[in-house]
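What follows is one structure encoded as structure tokens, with my remarks underneath.
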Ligand SMILES: NC(=O)c1ccc[n+]([C@@H]2O[C@H](COP(=O)([O-])OP(=O)(O)OC[C@H]3O[C@@H](n4cnc5c(N)ncnc54)[C@H](OP(=O)(O)O)[C@@H]3O)[C@@H](O)[C@H]2O)c1
């Protein structure tokens, strides 16, 4: 399988790239600096230079090339409302258009639980982030592509457990980025998961079993 990752230098994206390479897949992705490109080349990943905010959809499609799947796990982090709109929102819309132009039908989007941390009253910036993520989910779900939306709970830089809770509705908690990456790799390799929104948090089910359990039989 040949996968292009937008957000490949990020926490989840870099772990996913390594996992896919270990499985023997071809991996490429969008990078913003020569240093990132060099570091990725050392693990066998083909970094393609571009910035999501300024690149045109047809230029992005050129970089994506003949991939089997596109993963979007980029994010503006805490960079402010404008950046959130540009990357987590418009960036996804641009990536959907680029996937179409490149002829890539499989599209996995890393989103967020709509109710994540709402009880903390984190302010307008966070409310905006949640709203933008939801609008991106809507855009992808209406795209006609072979999409999967994965909504992980709060991300931790902790060792992966190899077990999770995954389903259409889960309770928001926490999850190591390593387990998110492993789940994404498994989802990409399971064509029986299609046009589904899946929520992901810490749990007791081995990741391959959790993914299998979500394959719809009818
Ligand atoms: N943090 C949480 O608790 C949480 C919870 C649920 C869901 N999520 C979502 O999970 C996803 C992954 O999160 P993460 O923490 O692993 O991400 P991260 O480490 O913050 O990485 C963000 C990625 O986006 C890239 N990026 C940002 N702006 C870009 C631009 N203009 N052009 C190209 N690439 C750009 C970054 O590239 P550079 O390395 O060049 O900056 C990096 O690869 C995000 O979509 C996030 O919204 C997060």
If R₀ is 35 angstrom, what is the calculated FRET efficiency for the pair residue 100 and residue 41, using the beta carbon separation as r and rounding to 0.05? 0.75
Just grab the label-to-label distance for residue 134 and residue 81, each label 7 Å out from Cα along the Cβ direction, in nm (one decimal). 1.7
Extending each Cα 7 Å along its Cβ direction at residue 1 and residue 174, get the distance between those two points in nm, one decimal. 2.9
Need one number for the chain: average projected area of the convex hull over its C-alpha atoms, nm². 11.2
Would you calculate, for the chain, the mean residue ellipticity at 222 nm contributed by helices, counting each DSSP H stretch of 4 or more residues as -39,500 (n - 2.57) and dividing by all residues, to the nearest 500? -11000 deg cm²/dmol
For segment 2-212 the mean separation of alpha carbon contacts under 8 Å (6+ apart) over residue count, i.e. relative contact order in percent, is 19
Please compute the modelled spin-label separation between residue 154 and residue 195, points set 7 Å along Cα→Cβ, answer in nm with one decimal. 3.6
Tally the DSSP beta bridges in the chain and give the antiparallel ones as a percent, rounded to 5. 15
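So, R0 is 35 Å and r is the distance between the beta-carbons of residue 118 and residue 54; what FRET efficiency does that work out to, to 0.05?
That pair, residue 118 with residue 54, gives E of 0.60.
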Length gained, residue 126-residue 141, 0.36 nm per residue minus C-alpha separation, equals 3.1 nm
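Treat the count of other C-beta atoms within 10 Å as a stand-in for reagent exposure and order 72, 126, 113 from fewest to most.
In increasing order of surrounding Cβ atoms, one gets 126, 113, 72.
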Could you tell me the distance between the Cα centroids of segment 84-104 and segment 144-218, to the nearest Å? 22
Put in order of increasing Cβ neighbours within 10 Å, starting from the fewest, 171, 105 give 171, 105
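Throughout, read-outs are computed from the coordinates displayed, never taken from laboratory work. Keep in mind the model is a prediction, meaning the values are calculated, not measured. FYI the Cβ positions are ideal-geometry reconstructions off the backbone, even for glycines, and counts take in every protein chain you see.
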